[in-house]
Each structure stands twice: as C-alpha cells, then as structure tokens.
1. When you check Thr23 against the structure, is it modelled with pLDDT under 95, under 16 Å from Ala280 (Cβ atoms), surrounded by fewer than 18 Cβ atoms within 10 Å (Cβ to Cβ) and of a type in the set (Val, Ile, Thr), yes or no?
2. Within segment 130-159, how many residues are in a loop (DSSP other than H, G, I, E, B) and in contact with a strand residue (DSSP E or B) (Cβ under 6 Å, 6 or more places away or on another chain)?
3. Taking Ala251 and the conditions (1) open to solvent by less than 50 Å² (accessible area, probe 1.4 Å); (2) farther than 30 Å from Ile345 by Cα, which numbered condition does it fall short on, given that it satisfies the others?
4. Give me the pairs: first residue in segment 51-70 and at positive phi, second residue polar (S, T, N, Q) and open to solvent by less than 60 Å² (accessible area, probe 1.4 Å), beta-carbon distance under 9 Å, and six or more apart or on different chains, which are they?
5. Please work out which one of (1) touching a Lys or Arg at 6+ places or on another chain (Cβ under 9 Å); (2) in a loop (DSSP other than H, G, I, E, B) is the condition Thr226 fails and give its number.
6. Cβ-Cβ distance below 7 Å, separation of 6 or more or different chains: which pairs start in segment 202-229 with a residue that is acidic (Asp, Glu) and end on one that is open to solvent by 60 Å² or more (accessible area, probe 1.4 Å)?
7. Within segment 273-361, which helices (runs of 4 or more DSSP H) (wholly inside it) include 3 or more residues that are among the aromatic types (Phe, Trp, Tyr)?
Amino acid sequence: MDRRVFLRGVGGVAAGIAATSLTACGTGTSRSVSSGGKSSKTLVVRNSGGTYGDANQQAIYDPFTKETGIQVKVVNIEYAQMLAQIKQGRPQFDVIDDSMADFVLFEQQGATEELDYDRLKKFKGAGIAKNLVTSNAVGKNYWASVMAYRTDAFGGKKPSSWADFWDTRAFSGNRALQALDADLPELEFALLADGVPLDKLYPLDVDRAFKVLSEIKPHVRKFWDTGALPGVLLGRKEVDASSVWHGRLDALIKGGSPLAYQWNGARRQSNGLGIPKGAANLDAAYRLIDFALRPEAQAAYAEIYPMAPSVPAAYKKLTTTTAANLASSSEHLESGFDLDVEWWIKNQDTVSKRWQEWTHA
C-alpha cells in the first residue's frame, strides 16, 4: 500500500503545487460514457492504487457500477497535485480516497466540500467512531503499524509489548524501525516502551521519545524505508523483530515463514472518503460514499485486503480468521491507539528536523 506521507508533504505543499503538472494521469476531461445502464456518467475516484486500489475495484467500484450503472474511473495522484487542480477550479476527480491526515490539510486549504451527512443514508446508525467523522471526510477503514517478530527467535519466548522490543537482554537480536522516508517516526512506540500509558501518549514528549530511541539505536540494523523491507529483513534473519505495516507479512506467514504479528501498542491510522470543491458529479459522489459505508461492502473489502472496517456491523459478515487479523477488531481496538493527526501536523517540521539530526548523529 502506498503511504501518502503527509509528514514529507506538508512542508513542501506550496513548492509542490508550483511544480506539479495538472495532467490528471490520463483521466481526460470527458465524464460521459455509453454505459447502457441507469446512468451515462462516469465518476472519477482518486485512490493510491496498487493492491489497495485493486481491492477497492473488486469490493466497491464494480458492485457499485453493477447496481447504479455509473462507471468508475480511478486516478492515482498525490496531495499536491490534487490540491493544485482544486485551486485551479478544475478537479479531474469527484471522490477522494485518502488518509484522514490529508483531509485535515484539505480542510485547512478550503479544498473539500463540507459533507452533508443527511445524504449518506448508510451513515446513520453505522456506529463509525467519532474521530473518523469530520466536516469534510468520513472514515472508510483502518490500517496499523505493529510489531512483527520471528517465532523461532528468543528461545521460544514471544515479545508481548514494545517494552519487550526494547529489552535486548531478554529478547536479544537485531531490530528494525521505520525511517522518515516511509512514514511518521515511531515516537509513540518508544514512549510505550518507556512505560507511558496508551491514553497518556499525546501530546508526545519528544525529548523523552528520542532518549528512549537512542537506547535501542545500537541494535537497529536498518531503518526501513519501504513497506516490503521488514518482511525481507525478517525473512533473511537480518533482524529478529521489526515494526511493520500490518498486512505486509500475510503472504509470507501463509507461505510458512516463521513470522508473527504482536498487536499490543499498535498505532492505527485511517483512510477516509471526501469530495473536492468543484466536483463535477456531486450526487454520484455521495452515492459512492454511501455505498462504501455498507457493512457488506466493508466486509467484502476486508476479506480481500487487510484494512479494517470503520463500520462495526461489517464484522458480523466477516470470517473469524479475517476478523481476528484486523486493526478495528474489539480486541485490537483496546490494545492499540489512534494516531493523533492534528498533533503530528502541528509538530511535523520540528520532529522531521530532530529525526534527521538524530539518525545522522
């Protein structure tokens, strides 16, 4: 999955807008097709592509088209280019599927529509968490950063917390942590390892976090910068434990690799759906968002790709195996935490500079 790294993007938004081409990745300007269905319109959705986009196509877009006759086209463009098109008054997309972090930035720029929740029939009674319901976006699904480890390491002992990850005496071996180029630095994991309770993490004590990170630094074999790298490092036995984007090891685990996830202290983030200012097909945009919030659509998506539903009723439609491996299961909700998007946006410049200095020290 492409992590649209807002930590890197926020500070360079102005420069990015100036430098970004306004070509919408081959979307063209025509929204009319001869579908022969209930509607001749084409709805253009922005998502991050890859296997994430494939799952959206299979679980949401294709069933939506079958039901409504509205064709769905997809563009894969990043925050700066989306914002540039909206500022030009010519967005070449009608729905934005993006991180909730980016939607905070869009709101600050006045670039997205204020959602009329009365037009989302499936929203009422859906039970979506309050922090995933904002003025310009509604949460679609969760993903999480978790700990992974080799099950044949540590003499059969299983690490059960970030404190265990940091305890290189009881759990000796090499470690890997996420680099700034991949996503947000994992300050929260350091604070949890140092005994900070889940509900007391924010505002983050940056000085304390870097002090604790310095304790593990000599044992960090690699600060990984791509989502696939933790699996490679663990598979080659170059490290015995690593932070990882949940789901990245599923194929390896199914193939018999001695790897496992550890969910305590998981850092959850969310993707949401919103509508850009100037969207050409406003009614169809609301219809697609409403469709995506159906429990059956959310469940179908989760069975294909390991991102967790935002609608609790979807769990009733999931297999037991799938449900147990998702970030929004009742068990994992209690043992993890939601990343504080507003704190990170406010402090991203300071943390980025500090991280760069710390890694090169």
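The values are calculated or read from the model by the stated rules, or taken from the named source; none is laboratory data. All values derive from a computational prediction rather than experimental measurement. Heads up, the Cβs are rebuilt from the backbone with ideal geometry, glycines too, and the neighbour counts pull from every protein chain shown. Note: accessible area is taken over every heavy atom of the protein model, side chains too, but ligands, DNA and RNA are not part of it. Shrake-Rupley method; radii C 1.70, N 1.55, O 1.52, S 1.80 Å.
1. Details: modelled with pLDDT under 95: yes; under 16 Å from Ala280 (Cβ atoms): no; surrounded by fewer than 18 Cβ atoms within 10 Å (Cβ to Cβ): yes; of a type in the set (Val, Ile, Thr): yes.
So Thr23 fails the test.
2. If we filter segment 130-159 for residues that are in a loop (DSSP other than H, G, I, E, B), which is where we start, we get 134-137, 151-153, 157-159.
In the following step, the residues that additionally are in contact with a strand residue (DSSP E or B) (Cβ under 6 Å, 6 or more places away or on another chain) were identified as 136-137, 151, 159.
So the answer is 4.
3. It fails just one condition, (1).
4. Qualifying pairs under 9 Å: Gly69/Ser35; Gly69/Ser39.
5. Condition not satisfied by Thr226: (1).
6. As it stands, the answer is Asp225/Asp181, since those pairs meet every condition given.
7. Details: elements: 282-292, 295-304, 320-323, 330-335, 341-359.
Per the criteria, 341-359.
Here is a yes/no grid of residues against (1) among the basic types (Lys, Arg); (2) open to solvent by 10 Å² or more (accessible area, probe 1.4 Å); (3) under 20 Å from the mean Cα position of the chain (by Cα):
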position	(1), (2), (3)
Gly255	no, yes, no
Pro258	no, yes, no
Ile289	no, no, yes
Glu331	no, yes, yes
Ile345	no, yes, yes
